[in-house]
Amino acid sequence: MDPQHNPYQTPQSALNEFQYSGGDDEPADRGIRLVAALIDAAIIFAVMVPIMLVGGYIDQVIQAYQTGESTLGLQFMWGLIGIIVSFLIQAYPLNATGQTWGKKVMRIKIVDMDGLQPSLAELLGKRYGFAQGIGLIPCLGAVVQLVDVLMIFRDDRRCLHDHVAGTKVVVAR
């Protein structure tokens, strides 16, 4: 028996962390993407809450619950309003630089698989339209959105909406 061998020692193995090999398309860090998404959500929230208050959303929901009516149509309508407002808020930076306001602050951007800036129509339609629109579907939308964001833990750091749109998020230089 080998005197250096300890049969009670835990198994050892080398851990190989993903290393980026260089170039202009360095994938954005997951934490940076999260902070950018939180900034974007805070902006949309700050704009939508006053719109919802002025538009009577809270009163309509309360009234629907008191009368036993379904709020599904109401929620769908306000979800669409939220998507439209989000598109209006993010259209300028997306068109100019391929960045939302949050991505601009965090110095990351959206590019296609060739490293080029996608068109505004592609970004809003395929990337954000898919990601936000799918959330309007009761139950299924929440499951798909969960899978969407969890896909960021893959080696390529691309979420489901990135795959649908043929995009990736990289460090802006």
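Numerical summary
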quantity: Residue pairs meeting the criteria (Cβ under 9 Å; at least 6 apart or on separate chains; first in a helix (DSSP H, G or I), in the range 49-72; second among the small types (Gly, Ala, Ser)); calculated: ILE51/GLY82; MET52/GLY82; ALA64/SER70
quantity: Subset of the range 135-152 [out of contact with any helix residue (DSSP H, G or I) (no Cβ under 6 Å at 6 or more places or on another chain) and not aliphatic (A, V, I, L, M)]; calculated: PRO138, CYS139
quantity: Scan of the range 26-55 for residues that are surrounded by 11 or more Cβ atoms within 10 Å (Cβ to Cβ) and over 30 Å from ARG154 (Cα atoms), ordered by number; calculated: VAL47, MET48, VAL49, ILE51, MET52, LEU53, GLY55
quantity: Flag if CYS159 is crowded, with 20+ Cβ neighbours inside 10 Å and either farther than 21 Å from ILE84 by Cα or over 13 Å from the mean Cα position of the chain (by Cα) (or both); calculated: yes
quantity: Pick from the range 78-87, criterion in contact with a helix residue (DSSP H, G or I) (Cβ under 9 Å, 6 or more places away or on another chain) and free of Cβ contacts under 8 Å to residues at least 40 places away in the same chain, ranking: surrounded by the most Cβ atoms within 10 Å (Cβ to Cβ); calculated: TRP78
quantity: Residues of the range 99-124 satisfying the condition of being touching a residue at least 60 places away in the same chain (Cβ under 8 Å), assigned to a loop (DSSP other than H, G, I, E, B) and over 15 Å from the mean Cα position of the chain (by Cα); calculated: ARG107, GLY115
quantity: Residue satisfying condition, being surrounded by fewer than 18 Cβ atoms within 10 Å (Cβ to Cβ) and either modelled with pLDDT of 90 or more or more than 16 Å from ALA36 (Cα to Cα) (or both), within set THR167, THR97; calculated: THR97
quantity: Candidates ILE134, ILE89, ILE152, filtered to the one that is out of contact with any Asp or Glu (no Cβ under 7 Å at 6 or more places or on another chain) and modelled with pLDDT of 95 or more; calculated: ILE89
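Residue-wise test of (1) surrounded by 15 or more Cβ atoms within 10 Å (Cβ to Cβ); (2) outside any helix (DSSP H, G or I); (3) in contact with a helix residue (DSSP H, G or I) (Cβ under 9 Å, 6 or more places away or on another chain).
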{"site": "LYS126", "(1), (2), (3)": "yes, no, yes"}
{"site": "GLY133", "(1), (2), (3)": "no, no, yes"}
{"site": "ASP155", "(1), (2), (3)": "no, yes, no"}
{"site": "HIS163", "(1), (2), (3)": "yes, no, yes"}
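The values are calculated or read from the model by the stated rules, or taken from the named source; none is laboratory data. These figures come from a predicted structure and were not determined experimentally. Glycine gets a Cβ as well: all are built from the backbone with ideal geometry, and neighbour counts include every protein chain shown.
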